[in-house]
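Visitor: Before I ask anything, let me first share the structure, which is written out below as structure tokens.
The values are calculated or read from the model by the stated rules, or taken from the named source; none is laboratory data. Since the model is a prediction, treat every value here as computed from it, not as a measurement. Cβ placement follows ideal geometry from the backbone for every residue including glycine, while neighbour counts extend to all protein chains displayed.
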Amino acid sequence: LKGIWTNSFEAEQHILHYGHHNEPVCWMLVGYAGGYRSACIGKKVIYKEEKCVGKGDKHCTFIGKTIEEWGEEIVPELAYYEVSKISEELEAAHHRITIQNGILERIISTHERLTQCILKGNGVEAITASLAELMKCTVILEDRHLVPQSSCYPEQPATKDPLTPYHSIWTNPSFKKASAFYLQQKRPFQITGQYSNIQVYRLVSPILVGSELLGFVSLLRSEQSFSELENIILEQAASVFALKILEEKKINAVERRLMGDFVDDLLSGNFPNPNSIIKRALGLNYDITLPHRVLMLDIDNLTQLVSSSPRSGKKILQFKTDFFNTVQSSLIHLGKGMVVNKSDNLIMLVQQHKPDSPEKDCRQIAENIIEQISNKFPKVTLTIGIGSSCKELSDFYHSYLSAQKAIEIGKALKKQGQVISLEQFGTHALLFSALNPSDLLHFATSQLGSLITYDETYQAQLIPTLQQFLSHHGSLEETSKIMNMSLSGLKYRLHRIEEITRQDPKDFQSCLNFQLALNILQIAGQDKLT
């Protein structure tokens, strides 16, 4: 039976309140017509709309058939015509409510237990361990750069986690292929890693405060994928981690400010008496009475890095924070000390094992820090100046000045990206400290520049000859012997040196000028010198 009905109130009301739909909307009319027809003929008849004003058609048209006549076509809609007892509906509803209540209780219980960790003053390690115990699987906390910060396996401490090789999210092939997509997610997501002998399921939730990403927390297991309930629980856990990380960030900010003020006063000598600054250090859980060296860290190309990339102020601040944290972590790993910001530089107080510890001990720490920075920030060129040894509180000021001077000398001598100290210059450190390094380089070039050019042009050996002649105190015999050449050949070279430089290398004053110039160029790292 086919027909048309006009002025359908269902279509009119649907359009009025909801607009057009993509399917017919006259369900009451369809049901009424089917029920009336079924009662008339004694067979179950089902009506369907073919066209409907509610979905934009000009008329509402319908067709009615018995179930037998409809065949398989009507099967998807039969569920709407099932009649159930009210008791069965209530029982089903009660069952669903019971399940939902159990889910809610578990979510609340998990959230309360993790929150208690914060209220008790526990760190992220305790929260990680509690979550692992509750979820009965491995839990991994990572920072915003996906570097693991804490992990826990919910078995006995002596039991090794079988999923240890897969802790890093970068071991997951799916993540490696679409990391940019996953890192932009604001809700938990699940990825599966298929390895040679195991399938690993990983549920990951970003730790967010507003739009700021603080890190990630992951659940790992190999038995089965994670349920929607576990998804919700992990999202709740991420909010607890966010609270703890925010708390630690605020504490760190206060500590950095206190340490910054402390170091400023220490290096400037701005304290009434030694006991006052010692007590301030103890308040920061630091012993300033031990031997130290002051180090200055300078990013040589900071201006270029900022100007060459469209970084917002927030991103620049984040870069400086990440840079600071990397240096601080390296220092904690390599030795005992303190790091503070000072303008665009970092100042490090590095403890020494004993008062007469050689400069090379501190240099090793500095070189390792440069290596760490280079690995994490490949575009950054970092120079570190090492100050003099501090045995008394008054020495910190002089150590800071010498570290600062070492940086200045490094820039003048184009030694960017290296570790520099005044001690490496030996007796010439006094000259570099007292005079402008650029003036010293100018002096050295004026004395030997013409000889260097001559050697490069004619493949001569005048500079090495002059070096050997001066190192053997002007002895012709010893110089000719060490250079494996005749006396006449040596005299010819010395004569050419005199002609080119207009200075007699046998003259005492000329010898002093040449020797000083050679030393300056050697310190400056001139690769033309042997």
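Visitor: Looking only at residues that are aliphatic (A, V, I, L, M) and at pLDDT below 85 in the range 478-516, which one is farthest from SER446 (Cα to Cα)?
Guide: That would be LEU512.
Visitor: Name, by its number, the condition in (1) touching a residue at least 12 places away in the same chain (Cβ under 8 Å); (2) outside any strand (DSSP E or B); (3) acidic (Asp, Glu) that does not hold for ASP261.
Guide: The number of the failed condition is (1).
Visitor: If you don't mind, there's one more thing I want to ask. If you scan the range 359-388, which residues turn out to be outside any helix (DSSP H, G or I), touching a His at 6+ places or on another chain (Cβ under 9 Å) and over 11 Å from MET296 (Cβ atoms)?
Guide: SER388
Visitor: With in a helix (DSSP H, G or I), touching a residue at least 24 places away in the same chain (Cβ under 8 Å) and over 42 Å from the mean Cα position of the chain (by Cα) as the only criterion, which of GLU77, GLU125 stands out?
Guide: Sole residue among the options that is in a helix (DSSP H, G or I), touching a residue at least 24 places away in the same chain (Cβ under 8 Å) and over 42 Å from the mean Cα position of the chain (by Cα): GLU77.
Visitor: Go through (1) in contact with a helix residue (DSSP H, G or I) (Cβ under 7 Å, 6 or more places away or on another chain); (2) farther than 19 Å from LEU78 by Cβ and name the single condition GLU49 misses.
Guide: (2)
Visitor: Please go through the range 156-197 and give me each residue that is among the hydrophobic types (A, V, I, L, M, F, W, C) and farther than 14 Å from CYS137 by Cβ, ordered by number.
Guide: Listed by number, the residues that qualify are ALA158, ILE169, TRP170, PHE175, ALA178, ALA180, PHE181, LEU183, PHE189, ILE191.
Visitor: Here is a further query. Yes or no: the range 335-358 includes at least one residue that is assigned to a helix (DSSP H, G or I), surrounded by fewer than 20 Cβ atoms within 10 Å (Cβ to Cβ) and over 17 Å from the mean Cα position of the chain (by Cα).
Guide: No, because not a single residue in the range 335-358 is assigned to a helix (DSSP H, G or I), surrounded by fewer than 20 Cβ atoms within 10 Å (Cβ to Cβ) and over 17 Å from the mean Cα position of the chain (by Cα).
Visitor: How about the range 84-115: which of its residues are surrounded by 14 or more Cβ atoms within 10 Å (Cβ to Cβ) and either at pLDDT 80 or above or within 34 Å of the chain's Cα centre (by Cα) (or both)?
Guide: Across the range 84-115, the qualifying residues are ARG106, ILE107, THR110, HIS111, ARG113, LEU114, THR115.
Visitor: Here is a further query. Spot the failing condition for SER471; the list is (1) at pLDDT 90 or above; (2) out of contact with any Leu (no Cβ under 9 Å at 6 or more places or on another chain); (3) surrounded by 14 or more Cβ atoms within 10 Å (Cβ to Cβ), and only one is missed.
Guide: Failed condition: (1).
Visitor: Sticking with this structure for a sec: Condition first: modelled with pLDDT of 90 or more, assigned to a helix (DSSP H, G or I) and exposed (fewer than 13 other Cβ atoms within 10 Å of the Cβ). Can you find one or more residues in the range 314-331 that meet it?
Guide: No.
Visitor: Filter the range 31-49 down to the residues that are within 19 Å of GLU12 (Cβ to Cβ) and out of contact with any Gly (no Cβ under 7 Å at 6 or more places or on another chain), then identify the one that is surrounded by the most Cβ atoms within 10 Å (Cβ to Cβ).
Guide: GLU49
Visitor: Let me ask something else. Go through the range 10-28 and give me each residue that's touching a Cys at 6+ places or on another chain (Cβ under 8 Å) and part of a helix (DSSP H, G or I).
Guide: Hits for the range 10-28 are GLU10, ALA11.
Visitor: Sticking with this structure for a sec: Does at least one position in the range 136-150 carry a residue that is in a helix (DSSP H, G or I), buried (at least 19 other Cβ atoms within 10 Å of the Cβ) and not assigned by TED's automatic domain parsing to the domain that holds SER329?
Guide: Within the range 136-150, none of the residues are in a helix (DSSP H, G or I), buried (at least 19 other Cβ atoms within 10 Å of the Cβ) and not assigned by TED's automatic domain parsing to the domain that holds SER329.
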